[in-house]
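The structure appears right after this line, and notes come after that.
The values are calculated or read from the model by the stated rules, or taken from the named source; none is laboratory data. Worth saying up front: this structure is predicted, and the values here are computed from it rather than measured. No Cβ is skipped: glycine too gets one built from the backbone with ideal geometry, and neighbour counts run over all protein chains shown.
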Amino acid sequence: MLREARIYSLAQVGGQCVLVLEEIDGPRLLPIWIGLYEGGSIGMALAGQKFPRPLTHDLFLLVMEKLGANVNKIVITELRDSTFFAEIHLQQDKKEFALDARPSDSVALAVRHHCPVYVNEEVFEACPELLKPISEDEVDQFKKKLKTMTPEDFFRDLKKKDEGGEKGEDKDKK
């Protein structure tokens with residue numbers, strides 16, 4: 001089952017960025033560590049910055065437009081070996097197809113093209129539970145936690161969860 005998501009936050013942490021997606025009709029957050037370039041590309045699009053020449057993600061959308069294709073949606077499909085996977089769902093005439101892509105590139109396209117982002121329920125279930133903060137103190141604590149959390153910390157928690165048997169029996173099905 002797919003859950004619609006949107007960008008909750010985007011923060012630079014050391015030499016990388018953390019893109020946090022939030023489940024729209026639920027309480028969960030999904031942090032995805034991405035490269036600085038991709039984070040910058042998402043940030044520029046969110047800020048509405050325009051450039052005289054197309055950047056890489058803008059160029060991709062221009063090519064799709066010239067080919068008569070439309071980006072319908074983005075789906076974060078799975079988490080495998082501490083790596084997130086995504087698909088860009090396109091439509092050209094009446095033909096629909098999906099392209100394998102990194103979540104960072106996919107979200108950068110979604111922000112520019114204003115198309116929906118979805119997360120596969122299995123991805124939320126496979127991750128340590130992070131819930132949306134409710135109070136101002138919880139927001140501050142969450143921001144502090146993000147600043148010190150590394151991908152290794154996140155995936156170490158994921159492995160502990162898996163070893164504890166919570167999701168271990170479904171491991172081969174993902």
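Quick look at the values:
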{"item": "Strands (runs of 3 or more DSSP E) completely within the stretch 76-132 that count 2 or more residues being at pLDDT 95 or above and closer than 20 Å to ASP58 by Cα", "result": "83-92, 95-101"}
{"item": "Those residues of the stretch 113-145 which are buried (at least 16 other Cβ atoms within 10 Å of the Cβ), in contact (Cβ under 8 Å) with a residue 60 or more places away in the chain and among the aliphatic types (A, V, I, L, M), in sequence order", "result": "VAL117, VAL119, VAL123, LEU130"}
{"item": "Close pairs from the stretch 21-37: first in a loop (DSSP other than H, G, I, E, B), partner surrounded by 13 or more Cβ atoms within 10 Å (Cβ to Cβ) and hydroxyl-bearing (Ser, Thr, Tyr), Cβ under 7 Å, at least 6 apart", "result": "GLY35/SER104"}
{"item": "Odd one out for ASP100, checked against (1) touching a residue at least 12 places away in the same chain (Cβ under 8 Å); (2) more than 13 Å from ASN70 (Cα to Cα); (3) surrounded by 15 or more Cβ atoms within 10 Å (Cβ to Cβ); (4) of a type outside the set (Ser, Thr, Tyr)", "result": "(3)"}
{"item": "Residue list for the stretch 102-126, filter: of a type outside the set (S, T, N, Q), closer than 12 Å to LYS73 by Cβ and in contact with an Asp or Glu (Cβ under 9 Å, 6 or more places away or on another chain)", "result": "VAL107, PRO116, VAL117, TYR118, VAL119"}
{"item": "Tally of residues being touching a helix residue (DSSP H, G or I) at 6+ places or on another chain (Cβ under 7 Å), crowded, with 18+ Cβ neighbours inside 10 Å and either among the aliphatic types (A, V, I, L, M) or part of a loop (DSSP other than H, G, I, E, B) (or both) across the stretch 38-57", "result": "2"}
{"item": "Residue match in the stretch 81-97 (condition: aliphatic (A, V, I, L, M) and free of Cβ contacts under 8 Å to residues at least 24 places away in the same chain)", "result": "yes"}
